[in-house]
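Structure first, commentary second.
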Amino acid sequence: MKLSLTVNGATHEVDVEPETPLLWVLRDTIGLTGTKYGCGIAQCGACTVHIDGQPAKACNVNAAAAVGRKITTIEGLSPDSSHPVQKAWIDLTVPQCGYCQSGQIMAAAALLARTPSPTDSQIDEAMAGNLCRCGTYIQIREAIHAAAKMGA
Amino acid sequence: MTTTLSRRFFLTTAVVAGGGLLLGFNIPTEAEAALAPVQGEGWKPPVGGVEINAWLTIDPQGVVTIRIPHTEMGQGGMTSVAQLVAEELNVPWRNVRAVFADANRNVTRGNEYQDMSTGGSNLVRNRHPHIMQAGASARERLREAAAKRWGVSRADVKAEQGMLSAGGKSGSYGEFASDAAAIKLAEEPKIKKYGDWWLLGKDVPRMDVAVKVNGSAVYPIDVRVPGMAYAAVRACPVPGGKVKSFDAAAIKDRPGVIAVIELKQTKDKLANTDMRSAVAVVADSFYRAKVALDLLPIEWDFGPGAQNSYAKMDSAARALMGQEGKHAEEVRGDPRPILAAGGKTVTGDYSRPYETHVPMSPPAAVADVKPDRIDVWSFTQNVQATLLLAAEQAGRNPKDVFVHGTFQGGAFGNGNAVDITRQAVELSKQVGRPVKVIWSREEDTAQARSRPPIWARFEAVLGDDGLPKAMISRAVAESMQPAYADRGLANMPYTIPHYRYERHVVPTNIPVGPNRAPGNNNNGFTIEQFADELALAGGWDPLEWRLKMTEGNERWQRVLLKLKEVSGFTTKLPKGTGMGIAVIESHGATVGACATVEVSRRGALSIEKILIVSNTGYVINPRAATEQVKGCVAWELSHALYGGLDVRDGRVQNTNFDSYKIMRMPDMPTVESVFAMSQDNWWGGFGETAGPPTPPAVANAIFFATGKRIRSTPILKHDLKWA
């Protein structure tokens, strides 16, 4: 089925089954591999993207449901890693293996968009859906506070 | 730190890391380019550098590109190798770049990088001599080149911060790189010792951060090559079982399906790198392959393994714990007659279940088997071993196989031996095009080499001074790799006059493998809680007891004294709060933990803080080491609090994050990392060593808070309420 998706400001015509998870359309059809597969059941957050500005697990949204909506992936968060969350992630060297970090950054950016100066517990609540097996949670929390100070 | 980046480009020619070999692929970022460190504007991919030796090139501007033979899986190994070379070469850190080294070169040119494996926390502690040697050798050849050009002796040429100078003359390394490449030294220089370092011991930011905040870092699962097909695979869910039959006709008309292929088990008795009996669906997208595989009717011959369960292993192990063990080593004296004679005895039983790695990236591999060469990108902790595996599977000469370095989305020991490389090679060979295999998370959890369980019983008799005079440690191990059970028990550090270690084995069909501090991760929990039981039974403070029992052991004393100095450890807190300590030696490191917990009357556990004191002898990058300490704490707390594979009917039942729980951000306690370095010419590792003392420190703290001794994990399955 031919579908039209708007990703990072560009329109992509894709030919996929309408029930195909957005995750796989982004990765395999469009070629944006920054959004990661971790579990396929909306438990780990590695595939977090923004849909109309809200954080969403791309493994849990089918392609048909994403038509007509504004999708932003890690590749579209900023043109040059200049989003305050990305800058804070670099300053505090948050990533270790890095695999979950696209999702962490997208979740953090969405949090700061609605809550510019979050408390620790607001951060915990917003980020609880994003797993990190390397255990960078402490650095993530610090980096979100740092990004908030920069005015994310 | 500079944070300006300009790094969103796609290479049109992927460069085989280090070897300069060209492939005609379009790959969105690749190792050679993907590693721009955080070094500000003006960075461009290093091209045209002169190779000084296998480890490094220097370009005309003096930019040094260091080839990294080891895997970067989150532990920071890439930065460590570069830092070790840069120390000796003496170049400003801003001029240092990194690329993954070429395994094909190592195979065909006589192991220039020696061992390319990555594990056992070996990289810095055991490989720093030859890595530093590569930098020192290059530096001396640059000095010699300048000496010749200037007509002075090498001893008169200074090599500092990328500049050579003698008398009034000076020039950059870049100006002398070509000359240096041609120089052979009569004698190789010695490497620097602690005290002469200018870069080692300093905080250095990871080199791979920039590409890990914008989605451009490439992991095996991200590799795309033209004409590539995708495969979903299912091995027999009961390890050791085999495919009986499957009905390919049922799915052959599904959209995008290219082939349904049986993967034959390579040997009767499986080693970790052997291919298991499996079925693969190859399709034009992974999602189509996965859906078709889910719909494929498969009949399995589960074999005798289907009778296995953790419950059966547990009851067999508990029966064995009452019997003298067959395997005994590290015997000191003979505790048996002393225990038989009785007295003030202390006994304790402990157990831990199976766990698994679940690296955030499920395993993936791409193979492109062509008539004249094979290209592979795979989940691995050793690109050279992967190369040899691919060659064997395809029946080709290793010199025609190229394994390309990528980042790894976590590995934690499970990247040492994975048959996914064989699967990708076999499928590419059979369908005649490049194939990407991805294991679903469920397949990963079902097929990964699990972390083994442990059961342990300790029995000791105390003397009049309240200290143990005789003790037996009796472990029950699973049958696949039982020697993991010995770690921490066979070499238990406490100086008990009569000590004996025994081991039993219970049979299983579940394959196991290394998992971040293997063996020690289990036995920290067992031996370090029993140490508290011994201390308290004899009327000793747990910290003073450990100091007494390790008298003369400088590395332990240093950690314990630092714990005493900085932790505020006390057994005198009001009920409902507790502090616990534990110390474990593994991978050359002695690491202590102090946990502070609160437990509500209704049994709700809150871990307030974990303090870690590490003695690894030396630390080359305190910042990176601290990051590893925090990660190790999270790793072990996941298993200690939530873990446990549910093995029933010979298979893992809880195969995704909804049923196999790991730590989430709200669970993460404060972690403080302190160093207490012996600097005694002995090096330990940081990648896994802060984990093992964490669970017993928490469990000991829970005991002081509640009076309840935690004898098994997951801790949160225990009723912790108190009155």
Next on the checklist: Against the definition (over 28 Å from the mean Cα position of the chain (by Cα) and either closer than 30 Å to B:N491 by Cβ or among the aromatic types (F, W, Y) (or both)), how does B:T356 come out, yes or no?
Outcome noted: no
Next on the checklist: So, B:L543, is that one hydrophobic (A, V, I, L, M, F, W, C) and surrounded by fewer than 24 Cβ atoms within 10 Å (Cβ to Cβ) or not?
Outcome noted: yes
Next on the checklist: Take the residues in the range A:120-152 that are open to solvent by less than 20 Å² (accessible area, probe 1.4 Å) and polar (S, T, N, Q); name whichever of them is nearest to the chain's Cα centre (by Cα).
Outcome noted: A:N130
Checklist entry - If the Cβ limit is 9 Å and pairs must be 6+ apart or interchain, which residue in the range B:309-327 that is more than 19 Å from B:V238 (Cβ to Cβ) and assigned by TED's automatic domain parsing to the domain that holds B:I454 pairs with which residue that is assigned to a helix (DSSP H, G or I) and not basic (K, R)? => result B:H327/B:P482; B:H327/B:D486
Item to check | Matching residues in the range B:221-235 - criterion: being in contact with a strand residue (DSSP E or B) (Cβ under 9 Å, 6 or more places away or on another chain) and more than 14 Å from B:Q423 (Cα to Cα) | outcome: B:I221, B:D222, B:V223, B:R224, B:V225, B:G227, B:M228
Item to check | Spans of strands (runs of 3 or more DSSP E) in the range A:1-61 with at least 3 residues without any contact (Cβ under 8 Å) to a residue 40 or more places away in the chain | outcome: A:10-15
Next on the checklist: Of all residues being part of a loop (DSSP other than H, G, I, E, B) and in contact with a Leu (Cβ under 8 Å, 6 or more places away or on another chain) in the range B:669-679, which is farthest from the other protein chains (Cβ to nearest Cβ)? Just the residue, please.
Outcome noted: B:A676
Next on the checklist: Against the definition (more than 15 Å from the chain's Cα centre (by Cα) and of a type in the set (S, T, N, Q)), how does A:S117 come out, yes or no?
Outcome noted: yes
Next on the checklist: Being modelled with pLDDT of 95 or more and hydroxyl-bearing (S, T, Y) is the filter here; which residues of the range B:177-224 pass it?
Outcome noted: B:S178, B:Y194, B:Y219
Checklist entry - Among the residues of the range B:639-666 satisfying the criterion of being more than 8 Å from every other protein chain (Cβ to nearest Cβ) and either of a type in the set (V, I, T) or part of a helix (DSSP H, G or I) (or both), which is farthest from the chain's Cα centre (by Cα)? => result B:V647
Checklist entry - Which members of the range A:65-114 meet the condition of being over 21 Å from B:K630 (Cα atoms) and over 17 Å from the mean Cα position of the chain (by Cα)? => result A:A65, A:V67, A:G68
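Okay, residues lined up against (1) under 20 Å from B:M132 (Cβ atoms); (2) out of contact with any Pro (no Cβ under 8 Å at 6 or more places or on another chain); (3) in the same structural domain as B:D680 (by TED's automatic domain parsing):
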{"position": "B:G174", "(1), (2), (3)": "no, no, no"}
{"position": "B:D179", "(1), (2), (3)": "no, yes, no"}
{"position": "B:E187", "(1), (2), (3)": "yes, yes, no"}
{"position": "B:K192", "(1), (2), (3)": "yes, yes, no"}
{"position": "B:G195", "(1), (2), (3)": "yes, yes, no"}
{"position": "B:G201", "(1), (2), (3)": "yes, no, no"}
{"position": "B:M207", "(1), (2), (3)": "yes, no, no"}
Checklist outcome for this item: Considering residues that are of a type in the set (A, V, I, L, M), open to solvent by 10 Å² or more (accessible area, probe 1.4 Å) and either within 28 Å of the chain's Cα centre (by Cα) or not assigned by TED's automatic domain parsing to the domain that holds B:Q679 (or both), the number found within the range B:596-619 is 2
Checklist entry - Taking into account only those residues within the range B:273-302 that are under 17 Å from B:G240 (Cα atoms), touching a residue at least 60 places away in the same chain (Cβ under 8 Å) and open to solvent by less than 30 Å² (accessible area, probe 1.4 Å), which is farthest from the chain's Cα centre (by Cα)? => result B:A278
Next on the checklist: Looking at B:E533, B:E528, B:E554 in this structure, which one is assigned by TED's automatic domain parsing to the domain that holds B:R651 and either at pLDDT below 95 or over 19 Å from B:W455 (Cα atoms) (or both)?
Outcome noted: B:E554
Checklist entry - Within the range A:79-91, can you find the residues that are surrounded by 24 or more Cβ atoms within 10 Å (Cβ to Cβ) and more than 7 Å from chain B (Cβ to nearest Cβ)? => result A:V85, A:A88
Item to check | Whichever residue in the range A:64-78 is surrounded by fewer than 24 Cβ atoms within 10 Å (Cβ to Cβ) and β-branched (V, I, T) and, among such residues, is farthest from the other protein chains (Cβ to nearest Cβ) | outcome: A:V67
Checklist outcome for this item: Within the range B:315-337, residues open to solvent by 40 Å² or more (accessible area, probe 1.4 Å) and in a helix (DSSP H, G or I) come out as B:S315, B:A316, B:R318, B:A319, B:R336, B:P337
Item to check | Filtered residue count, the range B:186-238, keeping only those that are under 22 Å from B:T380 (Cβ atoms), surrounded by fewer than 21 Cβ atoms within 10 Å (Cβ to Cβ) and within 11 Å of chain A (Cβ to nearest Cβ) | outcome: 2
Checklist entry - Are there any pairs with C-beta distances below 6 angstrom linking a residue in the range A:127-150 that is aromatic (F, W, Y) to a residue that is modelled with pLDDT of 95 or more, with the two at least 6 apart or on different chains, and if so which? => result A:Y137/B:M665; A:Y137/B:M668
Checklist outcome for this item: Expected single match for assigned by TED's automatic domain parsing to the domain that holds B:S659 and on the phi > 0 side of the Ramachandran plot among B:G343, B:G395 is B:G343
Checklist entry - So which residues in the range A:19-47 are more than 18 Å from B:S440 (Cα to Cα) and either away from chain B (no Cβ under 12 Å) or among the hydroxyl-bearing types (S, T, Y) (or both), if there are any at all? => result A:T29
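The values are calculated or read from the model by the stated rules, or taken from the named source; none is laboratory data. What you see is a predicted model; the values in this text were computed from it and never measured. Note: ideal-geometry Cβ built from the backbone for every residue, glycine included; neighbour counts use all protein chains shown. To get the accessible areas, we keep the full protein, side chains included, count just its heavy atoms, and leave off ligands, DNA and RNA. Shrake-Rupley method; radii C 1.70, N 1.55, O 1.52, S 1.80 Å.
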